[in-house]
Amino acid sequence: MPYRPRTLVLPAAAIIIAALCGYRMANPRGPAAPGELPPELRPAPSFTLYDQDSTLVNLEAFLHRHRIAIVFYDGSRGPEANPVLMELREFHPALKRESVIVLGVSTALPQENRNNSSQPFPFPLLTDAAPLEANSVHRTWDRLLEPASPDMPPKTKPSVFVIDRQGLVAWDGDFPKPESDGGAGIVARLLGG
């Protein structure tokens with residue numbers, strides 16, 4: 001009977017598989033470190049707010065079609081005082097090409113958002129006009145700094161959230177979790193993936 005190399009394929013494969021199994025059993029992977037756990041992702045809470053042109057903007061219109069960056073900023077200081085909004089405004093053409101939607105949210109009225117910037121923003125600056133109400137956007141996203149007294153206006157916790165194309169955002173307990181670095185380098189992350 002002539003020598004056939006293909007008859008050795010099955011025994012060789014069995015030896016390789018046995019060796020790999022033996023190696024893995026001798027060198028098991030350790031448990032993931034607590035800091036390496038992926039964030040819990042859940043659907044982003046939806047909202048409908050007025051923008052700087054007094055047009056209703058519904059978050060649902062963008063979910064499941066785009067990556068979305070939501071920037072909560074201090075409306076009393078204006079959008080130009082927020083470095084993340086300024087970076088996003090500067091790189092808006094590149095973000096638009098990548099189908100990234102940017103939304104700014106504050107307690108400032110639409111006319112304040114219009115008048116408090118030297119040049120128009122190319123993306124919606126939304127107004128949460130009743131942030132103290134139980135179902136307000138600021139409360140739903142846990143971005144409200146309670147006023148020290150009832151006669152003082154509420155403030156916004158500046159922060160950035162990124163919603164993926166599946167409509168999911170990172171959560172921490174009962175609320176969406178903001179980006180841990182406050183949005184530093186957000187443009188690179190949005191354009192990179």
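Some observations on this one:
- Output for region 91-115, where each listed residue is outside any helix (DSSP H, G or I) and either among the aliphatic types (A, V, I, L, M) or under 12 Å from D74 (Cα atoms) (or both): V100, I101, V102, L103, G104, V105, S106, T107, A108, L109
- Residue-level analysis places G183 among those that are at pLDDT below 90, more than 16 Å from L49 (Cβ to Cβ) and among the small types (G, A, S).
- From L59, L41, L85, residue being over 20 Å from T127 (Cα atoms), surrounded by 14 or more Cβ atoms within 10 Å (Cβ to Cβ) and not acidic (D, E): L41
- Filter result for S159 (small (G, A, S), over 14 Å from L190 (Cα atoms), surrounded by 19 or more Cβ atoms within 10 Å (Cβ to Cβ) and out of contact with any helix residue (DSSP H, G or I) (no Cβ under 8 Å at 6 or more places or on another chain)): yes
- Some residue of region 170-180 being surrounded by 16 or more Cβ atoms within 10 Å (Cβ to Cβ) and modelled with pLDDT under 90: yes
- Failed criterion for S117 (all others in (1) modelled with pLDDT under 85; (2) of a type in the set (S, T, Y); (3) within 19 Å of L59 (Cα to Cα) hold): (3)
- With respect to the conditions (1) without any contact (Cβ under 8 Å) to a residue 40 or more places away in the chain; (2) out of contact with any Asp or Glu (no Cβ under 9 Å at 6 or more places or on another chain); (3) among the aliphatic types (A, V, I, L, M), V169 lacks only one, and its number is (1).
- Scanning region 54-74 for residues that are among the small types (G, A, S) and either assigned to a strand (DSSP E or B) or over 22 Å from L109 (Cβ atoms) (or both) yields a total of 2.
- In the set (1) under 16 Å from G104 (Cα atoms); (2) surrounded by fewer than 12 Cβ atoms within 10 Å (Cβ to Cβ); (3) at pLDDT below 95, G35 fails one condition alone, (1).
- Checking A129 against (1) surrounded by fewer than 22 Cβ atoms within 10 Å (Cβ to Cβ); (2) farther than 23 Å from L63 by Cβ, the condition it does not meet: (2)
The values are calculated or read from the model by the stated rules, or taken from the named source; none is laboratory data. Not measured: the values here are computed from a predicted model. Cβ: placed from backbone, ideal geometry, glycine included. Neighbour counts: every protein chain shown.
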